[in-house]
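K.L.:
Before I ask anything, here is the structure I am working with.
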Amino acid sequence: MYSFLLLSFCSLLISVPASAQWTRSSNESQEETARIRNFLQRVANESGAPGVSAAVMIQGRMAFSGGVGFADLDNQVRQTGKTVHNIGSISKAVAVLAIMQLEEQGLLRLDDEIQKYLPYFPRKEKPITIRHILTHTSGIRHYNQRDSEDQGVKRMRHYEDFEEATKLFRDDPLLFMPGDYYNYSSFSSNLMHGIVEKVSGMPFEAYLKKNIWEPAGMLATSFDVPSRIVAHRGKGYVRDEKGVLINAPYEDVSYKYAGGGIVSTPEDMLYLVKALNKGHLLRNSTLDKLYFKHFNIREKQWGAKKTDNPPPVWQGLIWQIGNDVKDRTWYGHSGTVKGTRSYLLNFPDDGVIIALQANIGSIPIDEYAHSLAQMVLAEVSPKKLK
């Protein structure tokens, strides 16, 4: 489906120098807004999502922020670019910036064993390093059926202490020796929480707020704490066994703030990437480490079957890296949790950033986000540059 969606825009794609300034007339702006809004409506129609929202930034300017449908069906609240949803695993792409800030300051090394900072984590057959958890090569498992036993009570309780939350998985055997394979693991990513707290001496949320969210201007971003009153918080939805739309099951994500426990908006996600691209959060030399291509995920996947030459997706430090049909480099990450799906996509060389959210648990969000990016990239043409 991804290839099909991209091909429909291929004839329009035009590459733009990163230094160019993008401008458009009032009529062009209105036309582009209408096209994006129509695209979001198509996503909602095809996926059955009650609400879909997006924000688009071009050359540092907010070119679009809006949504279609409802963020909250019970109260008929509209979905907008300011709607707050849990961004799922995009939380990992935020948390890793804290790790890299500390690495930049010389307070940790990526090849340090995790026990240096998490002494309560049992040693395994082979050392696990920070780099292993940032590339999903630690061998630590992802979620499994046992995590949902007893009606998912393990995910319903609140964890005040991060060390206690690691008891959910830390004593389990590794799937493979660290470094041998790739296997996506939210549990391993959760360990960033404990490492940041140990090294910085600050509560994890306080560190993110002071060093990432506030410097980037992300004023609507925080931890997903059920008891908090959060302005413009939307709801997530799933379908039951009969296909009927229902509220997503309750989950307290305090066991995985770093892995999938941050709430944010499409607009705030763009502010994050803008600050990152401008060097406000990390130095360029540190960005090179963040985006270093460690391996093609599809070739290193644990237990994966060989397929016929799929487009490569490279593993950086948490962030994934690829090239579109015009060979433009993108960096991105998806998120899925509690009946919502999100995607954050960055084309730094072309000055385009995309954030997309939908409040339905099953939707090919990555395909839609890449298609939206192609629409936007097609609009950033030489005739609109000055």
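The values are calculated or read from the model by the stated rules, or taken from the named source; none is laboratory data. It should be emphasised that the depicted structure is a prediction, and the values quoted were computed from it without experimental measurement. We place every Cβ from the backbone using ideal geometry, glycine too, and count neighbours over all the protein chains shown.
K.L.:
Filter the range 30-83 down to the residues that are part of a loop (DSSP other than H, G, I, E, B), loosely packed, with under 15 Cβ neighbours inside 10 Å and in contact with a helix residue (DSSP H, G or I) (Cβ under 9 Å, 6 or more places away or on another chain) and list them by number.
P.N.:
Of everything in the range 30-83, just one residue is part of a loop (DSSP other than H, G, I, E, B), loosely packed, with under 15 Cβ neighbours inside 10 Å and in contact with a helix residue (DSSP H, G or I) (Cβ under 9 Å, 6 or more places away or on another chain), namely Gly60.
K.L.:
Looking at Ser371, Ser285, Ser381 in this structure, which one is surrounded by fewer than 16 Cβ atoms within 10 Å (Cβ to Cβ), at pLDDT 95 or above and polar (S, T, N, Q)?
P.N.:
Ser285
K.L.:
Of all residues being among the small types (Gly, Ala, Ser) and more than 23 Å from Val52 (Cβ to Cβ) in the range 198-246, which is surrounded by the most Cβ atoms within 10 Å (Cβ to Cβ)? Just the residue, please.
P.N.:
Taking the candidates together, the pick is Ala216.
K.L.:
If we scan the range 297-304, do we find a residue that is under 16 Å from the mean Cα position of the chain (by Cα) and either in a strand (DSSP E or B) or at pLDDT below 95 (or both)?
P.N.:
no
K.L.:
From the list Glu32, Glu28, which residue is modelled with pLDDT under 95 and in contact with an Asp or Glu (Cβ under 7 Å, 6 or more places away or on another chain)?
P.N.:
Among Glu32, Glu28, only Glu32 is modelled with pLDDT under 95 and in contact with an Asp or Glu (Cβ under 7 Å, 6 or more places away or on another chain).
K.L.:
Looking at the structure I just gave you, is Glu164 out of contact with any strand residue (DSSP E or B) (no Cβ under 6 Å at 6 or more places or on another chain) and of a type in the set (Asp, Glu)?
P.N.:
In short, yes.
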